[in-house]
Amino acid sequence: MKPSPIPAGYQVPLYVELFYLDNMNPMKTTAADLFRNKRVVVFSLVGANNRVCGEQHLQDIKAAYQDFMDEGIDKVYVLTTNDVWTQNVWDLENDFEAVGPNALFISDGNGEFTSEMGYLVKRGREGYGNRPWRNVIVVNNQIIEKVIVEPGMCDNCEEDPYSATHPDRVLEYLRA
């Protein structure tokens, strides 16, 4: 049985290990460290080079980066269940982290954070394995402030919707 998604007002799963690259060195950290004393927007995407993720979602996040900083966001994370090396190739192809010092790819390579958050779905019909259902969380000092999820979450879904989690929807929330 899948866990229910964690709603706003609750802590993120603090002690799950997550990974990122720092000067080509894989770094292991915890969600506790990534979210401590920061207001963060986390875009959980299906994966590197997925058509929608690469051609649309990541490009839209890049375009909105400065707007997030202007709205008081400290960090913008893009989280996938890809490993850090796959994310690095994706970054090199898209120059994501060059948008600013507070943009970072986060690897949930084991899917533990995504699973504990309640958004891990099977994407076997596409050969992806288990991946995040597209969602965005705004986290303020380890507490989930806002959750935005694409509709229709299910295993092996025929659709890969992208509208609710568009950066403009997140900016609408931040500006309200």
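The values are calculated or read from the model by the stated rules, or taken from the named source; none is laboratory data. Please read all numbers here as calculations on a predicted model, not as lab measurements. Positions of Cβ are generated from backbone atoms using ideal geometry, with glycine treated the same way; all protein chains shown enter the neighbour counts.
Just for region 67-99: of the residues that are at pLDDT below 90 and either of a type in the set (Asp, Glu) or in a loop (DSSP other than H, G, I, E, B) (or both), which one is farthest from the chain's Cα centre (by Cα)? By that ranking, first place goes to Glu93.
Cβ-Cβ contacts under 7 Å between residues 6 or more apart (or on different chains), taken from a first residue in region 84-100 that is within 12 Å of Ile61 (Cβ to Cβ) to a second residue that is modelled with pLDDT of 85 or more and of a type in the set (D, E, K, R), are listed as Phe96/Lys62; Glu97/Asp91; Val99/Lys62.
Checking each residue in region 112-156 for being without any contact (Cβ under 8 Å) to a residue 60 or more places away in the chain, surrounded by 15 or more Cβ atoms within 10 Å (Cβ to Cβ) and touching a Gly at 6+ places or on another chain (Cβ under 7 Å) picks out only Asn130.
Looking across region 7-37, just one residue is touching a residue at least 60 places away in the same chain (Cβ under 8 Å), of a type in the set (Ser, Thr, Tyr) and part of a strand (DSSP E or B), and that is Tyr20.
Note on region 127-166: residues that are hydrophobic (A, V, I, L, M, F, W, C) and over 24 Å from Asn110 (Cα atoms) amount to 1.
Restricted to region 38-66, and to residues there that are β-branched (Val, Ile, Thr) and within 10 Å of the chain's Cα centre (by Cα), the residue that is farthest from Gly100 (Cα to Cα) is Val46.
Of the residues making up region 106-143, those that are of a type in the set (Ser, Thr, Tyr) and part of a loop (DSSP other than H, G, I, E, B) are Tyr119, Tyr128.
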